[in-house]
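The values are calculated or read from the model by the stated rules, or taken from the named source; none is laboratory data. Quantities reported herein were computed from a predicted structural model and do not represent experimental measurements. As a convention, Cβ positions derive from the backbone with ideal geometry for all residues, glycine included, and neighbour counts pool all protein chains shown.
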Amino acid sequence: MLELSRQPVTEAAWPPAPLPEAAFRPASRNRFLGSSPTRRGILLGPALLLLYWSVLSVTGFLDPRVLPAPWTAVLAAIDLIRDGRLQQNLAISAGRAFAGLFFGSIVAVVLALISGLTVLGGYVIDGLVQMKRGIPILALIPFMVLWLGIGEAMKITVIAIAVFFPMYIQTHTALRAIDIRFVELAETLRLSRWKFLVRIVLPGALPGLLTGLRFGTTAAWLALVVVEQLNATSGIGYMVTLARDYAQTDVMLVGLVVYAILGFGSDTLVRTLERHVLRWRRSLGR
């Protein structure tokens, strides 16, 4: 009969030491992706575009009358900053975009919750939203001008409408994709409606809501370009329109670059927020 060795378990042997985080990473990550992503890697595309643009301008392949060189836009931007026109118009444009983003996001999330969590709300709200998706935003502008005039209310409303649809669609889709087992667990535990929203609904819909916010910020800047071409007396779009009338291509280019930087910066900000809020979720981009 074999005798089992009786060796006392020391405190150092239990509990075992935690494994490093690298041990839980898929072994095929580097094989398929090449290398782990870095936060500064997102600047590679704009940097290559700027390099390509500079080379074409220096070699003369790009006519400055068609598209000015990058340093021409930098000099024009310095002059606009000295005059104070760029800061003033930028502040007005940013205020319009963020106001439309705020109101459009709030309405989209509220209606998505009603439509996604109630049968009657889904029948009423979702059908109307899907009908409106087929109508271009440009087709609504004449009615917005007729109803609200050409002031700030019309501009912010158009931006809010443009933001509303991607926010609503992504949030509504995320709500409908919540695992039914979590809902059944909430019913078993007899959670209140408020705890159900906080512990089940919001965490489940958060990835879709943040994705919708990314699309919404882009839609806000795109709609801003449109509304600031309509009898505006301030804003980046007004500055670009005025420069077009006087054939100032360098100022026009500055306006376009500002729009691009605003869109890129806001998307990067939302992606950083998404990475922080959803740090528990592992994916290829992490």
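The residues of region 146-164 that are among the aliphatic types (A, V, I, L, M), in a helix (DSSP H, G or I) and within 28 Å of the chain's Cα centre (by Cα), listed by number, are Leu148, Ala153, Met154, Ile156, Val158, Ile159, Ala160, Ile161, Ala162, Val163. Of the residues making up region 93-130, those that are exposed (fewer than 15 other Cβ atoms within 10 Å of the Cβ) and of a type in the set (Gly, Ala, Ser) are Gly95, Gly127.
This table checks each residue for (1) exposed (fewer than 13 other Cβ atoms within 10 Å of the Cβ); (2) modelled with pLDDT of 80 or more; (3) among the polar types (S, T, N, Q).
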residue	(1), (2), (3)
Thr249	no, yes, yes
Leu253	no, yes, no
Leu256	no, yes, no
Gly263	no, yes, no
Asp267	no, yes, no
Leu273	no, yes, no
Leu278	no, no, no
Gly285	yes, no, no
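Of everything listed in (1) in a helix (DSSP H, G or I); (2) under 24 Å from the mean Cα position of the chain (by Cα), the single unmet condition for Ile135 is (1). For Gly235, the conditions (1) modelled with pLDDT of 80 or more; (2) within 27 Å of Pro70 (Cα to Cα); (3) exposed (fewer than 13 other Cβ atoms within 10 Å of the Cβ) all hold with the exception of (3). Answer yes or no as to whether Met167 is at pLDDT 80 or above, assigned to a helix (DSSP H, G or I) and over 21 Å from the mean Cα position of the chain (by Cα). No; evaluated as a whole, the condition is false for this residue.
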